[in-house]
1. Is it the case that region 483-505 has a residue that's over 18 Å from Asp436 (Cβ atoms), under 34 Å from the mean Cα position of the chain (by Cα), hydroxyl-bearing (Ser, Thr, Tyr) and surrounded by fewer than 17 Cβ atoms within 10 Å (Cβ to Cβ)?
2. In this structure, is Val581 over 30 Å from Gly65 (Cα atoms), open to solvent by 10 Å² or more (accessible area, probe 1.4 Å), at pLDDT 95 or above and of a type outside the set (Asp, Glu)?
3. Residues being under 15 Å from Gly417 (Cα atoms), of a type outside the set (S, T, N, Q), open to solvent by 20 Å² or more (accessible area, probe 1.4 Å) and assigned to a loop (DSSP other than H, G, I, E, B): count how many of those fall in region 2-57.
4. Only one of these conditions is not met by Lys366: (1) of a type in the set (Lys, Arg); (2) open to solvent by 50 Å² or more (accessible area, probe 1.4 Å); (3) part of a helix (DSSP H, G or I). Which number is it?
5. Out of everything in region 155-165 that is in contact (Cβ under 8 Å) with a residue 12 or more places away in the chain, over 22 Å from Lys90 (Cα atoms) and assigned to a helix (DSSP H, G or I), what residue ends up being least open to solvent (accessible area, probe 1.4 Å)?
6. Going by what's in this entry, would Gly546 be described as assigned to a loop (DSSP other than H, G, I, E, B), farther than 30 Å from Glu452 by Cα and touching a strand residue (DSSP E or B) at 6+ places or on another chain (Cβ under 9 Å)?
7. Go through region 737-809 and tell me which strands (runs of 3 or more DSSP E), entirely inside it, have 3 or more residues that are touching a strand residue (DSSP E or B) at 6+ places or on another chain (Cβ under 7 Å) and not aromatic (Phe, Trp, Tyr).
8. Kindly indicate whether any position in region 613-623 is on the phi > 0 side of the Ramachandran plot and at pLDDT 90 or above.
Amino acid sequence: MTNHWIDIRNADVILVMGSNAAENHPISFTWVTEAKQKGAKLISVDPRFTRTSAKADVYAPLRSGTDIAFLNGMMNYMFQNKLYDEFYVKHYTNAPFLVDPAFRLPGESGVFSGYEPEARKYDKSTWAFQKDEQGVIKKDMSMEDPQCVFQLLKKHVSRYNLDIVSSVTGTPKEKLVEVYNLYASSAVPTKKATILYAMGWTQHTVGTQIIRAMSIIQLLLGNMGVAGGGVNALRGESNVQGSTDHCLLFHILPGYLKTPRASDTTLEAYNKRYTPTTDEPHSLDWWKNYPKYSVSLLKAHFGDAATGDNEFGYQWLPKLDDGQNASWIMLFHQMFKGQFDGFFAWGQNPACSGTNANKTREALAKLKWMVNVNLFDNETGSFWRGPDVNPDDVQTEVFQLPAALSVEKEGSITNSGRWAQWRYKAVDPPGEAKRDSWIMNELYYRVKTLYEKQGGAYPDPVVKLAWHYGQKNNEGKVLDIDAHAIAREINGYYTEGPNKGKLVANFTKLADDGSTSSGNWLYSGSYNEGGNMMARRSQSDPTGMGLYPEWSWCWPVNRRIIYNRCSVDLEGKPRDPKRPVIYWNGTKWVGDVPDGGAPPMGQGGYKPFIMKPAGMGRIFGPGLHDGPFPEHYEPLECPVQENAMNKQRINPAAKLFVDVTTKEVAIAGTGLPQDYFATCDVRYPYVGTTYRVTEHWQTGVVTRHEPWQLEMQPQNFVEMSVELAKELGIKNGEEVLVESARGSVHAIAMVTHRFRPYNIQDSTVHEVGLPWCFGWEYPPPDRQAFDSSNLLTPTIGDANTMIPETKAFMCNVKKLKGGE
């Protein structure tokens, strides 16, 4: 989130899209309700009429996978009716920047300039700004030059008129106009709108660009950096934000530093590659501090062993091969091809949650060993006992390590709003269940001992780790991990000088000479000499804005609303006097922690978007794999033969696992069409999507074996419209089979008015939906019992993140007769 949960109450208009917040993030709806009580309007845009829709002032349906068409249509409507904040756009975004004359919009071709079809990627050399002799970006503050970002975006979205957007999305034109007018009413400083989104936006081949589209809308409307605004992700689990901040993903290190590549042969080369430079005047360019954060991280990893003579242990960090893709989908694809010996499934259940679950389960069967660290046995730990599996054909040895529940261990948890809150242990874990940190501690010392006694190809990265997270025994082994010790290391220490051993105040004190350490620069300040800031629980709210600056701690430097300098005019006065996030009192900023302490822009201060080299919000974003502007592409599987917006049907930069021209289905030796896709295949005529339910948690391992949870949601179901059920002769409560090109699941038919048929390009299109939280009961079922809905979803991911496209695929629904 750029803002935070409580700030939702400050909004005048709330758009929930790609999310069913009322059902899946009910705490967020506390603040939505409070905003509505103060007069705010709620918009729900969703393929089905949800609990959120039931509370909305406006509900608009749309076909899964068409969000960009809907949002680009909103931008076009805003341009046509001059519904944008001109002051904000001119002074706080890159809208006036002039783009290379060689740059070309996709238009009818569907691809931007520089596309290389055989490689399925772009040469981005034309996606650059024009610069003068001093290296400063050329600008047209009138925003009338045809090569300025403002005019290019206006031209780009001009194709997205109401008629074509309606024909692509299935949203009636009158609903489009109603949503567009209501949301764009926030184009004035005294009226603000926010967006709440979740996996309904991210799990597409164009997921990143959907969020980009909304970010652009928020910039055009002046809704970034202000109270009641922002782009706010509703995370699917209470510490998703924290785990991402601390490098959950393969391509990042803690604090969103980059994972080194093989070609980054030295620390100097690595820092040079990822430290941006700019000649833009009055740009703070905060990432220029990159070397301070990377060296401090290395010192936290390797302690006294990290010195200037050995590049602070940089060579001990693992490196990605240049161009290597180690995303979830790719790892299981490689595992499926037999390229891995072992696998730790830690706090996850990929045999149920992973896309194309049949393929995932077959991949697990090709391992030599797997360790399943979880609360209970699950589909992943017992994949070898599944339907149609002969255990004699499985070579995988499975080890089950029982783990502790969140309330059975102490530590921090960072919510969607970036608030890191300290959590205390309520009870001890039962039986032999252990905390994750205990398991990691044992693994570390056993691996370290093996390296010390038996040697190895490259022991230094393990034996030279700084591992000092608690009291040690006579042999030097940490007996039990202390969460406070880890939190202090994350914050960072002075490692040299008069303050050696003391905690740094925050990341502004970090250095690139080895005199400081920090396990995550973003969290520096969270546990300093003043104590554990994450444990604070003061309910003081001096601004009255719901910032609660002494309740927990928020990265970065306890700033509650990111880019808050955008909330003021050039002289530092709040543009919305009723909601002053910060203001300049003549000598300093008052209110939230500002984005830097320099004076306002009109007094020679820095530009507001301090993490961007040019200092401005990026309407034109040249860093993505699939275009600097969002463009509508159909999902991998869709009900139309052609993309109505252009000649490019699917995302041209998405990584494919099949030949899209021949549709080859066989994978040698399996007989399973796991990577087949079914666009306009008469066997799979209906759009399918997946979602959560309130009554079950994640893949249901914690909830779906509990009688009281099962009483509320006892079985997997497929939701369909009354019209489709009538067409298929299916009654509510009957058992059906849902099939895709990859697999099938049994489900109970739920016939409702929550789905309605769409009119897509003059044809009727039906959509159905299934929850993804169901799986096996124990012992595992026969082949006709209920199973994971992800048996249906395809192996394909977003072009930038590779998150799976589970929210739009093609399927069929068949009524079961006579116990089939």
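1. Residues of region 483-505 over 18 Å from Asp436 (Cβ atoms): 488, 491-505.
Next, only the ones that are under 34 Å from the mean Cα position of the chain (by Cα) stay: 488, 491-494, 503-505.
With the extra rule that they be hydroxyl-bearing (Ser, Thr, Tyr), the set shrinks to 493-494.
Okay, now just the ones that are also surrounded by fewer than 17 Cβ atoms within 10 Å (Cβ to Cβ), so none.
Scanning region 483-505, I find no residue that is over 18 Å from Asp436 (Cβ atoms), under 34 Å from the mean Cα position of the chain (by Cα), hydroxyl-bearing (Ser, Thr, Tyr) and surrounded by fewer than 17 Cβ atoms within 10 Å (Cβ to Cβ), so the answer is no.
2. Values: over 30 Å from Gly65 (Cα atoms): yes; open to solvent by 10 Å² or more (accessible area, probe 1.4 Å): no; at pLDDT 95 or above: yes; of a type outside the set (Asp, Glu): yes.
No: the conditions fail for Val581.
3. Residues meeting the conditions: 2.
4. (3)
5. Quick first cut of region 155-165, residues in contact (Cβ under 8 Å) with a residue 12 or more places away in the chain only: 155-162, 164-165.
If we keep only those that are over 22 Å from Lys90 (Cα atoms) as well, we get 159-162, 164-165.
Now restrict to residues that are assigned to a helix (DSSP H, G or I): 162, 164-165.
Details: Leu162: 54, Ile164: 39, Val165: 2 Å².
Checked region 155-165; the qualifying residue least open to solvent (accessible area, probe 1.4 Å) is Val165.
6. Values: assigned to a loop (DSSP other than H, G, I, E, B): yes; farther than 30 Å from Glu452 by Cα: yes; touching a strand residue (DSSP E or B) at 6+ places or on another chain (Cβ under 9 Å): no.
For Gly546, the condition - assigned to a loop (DSSP other than H, G, I, E, B), farther than 30 Å from Glu452 by Cα and touching a strand residue (DSSP E or B) at 6+ places or on another chain (Cβ under 9 Å) - is not met.
7. On the way: elements: 744-752, 758-760, 763-765, 767-771.
Once the strands (runs of 3 or more DSSP E) in region 737-809 are filtered for at least 3 residues that are touching a strand residue (DSSP E or B) at 6+ places or on another chain (Cβ under 7 Å) and not aromatic (Phe, Trp, Tyr), what remains is 744-752, 767-771.
8. Initially, region 613-623 is screened for residues on the phi > 0 side of the Ramachandran plot, giving 615.
Those left that are additionally at pLDDT 90 or above: 615.
Within region 613-623, one or more residues are on the phi > 0 side of the Ramachandran plot and at pLDDT 90 or above.
The values are calculated or read from the model by the stated rules, or taken from the named source; none is laboratory data. Treat the numbers as computed from the prediction; the structure is a model and nothing was measured. All Cβ positions, glycine included, derive from the backbone under ideal geometry; neighbour counts span all protein chains shown. These area figures cover heavy atoms from the full protein model, side chains too; ligands, DNA and RNA do not enter into them. Shrake-Rupley method; radii C 1.70, N 1.55, O 1.52, S 1.80 Å.
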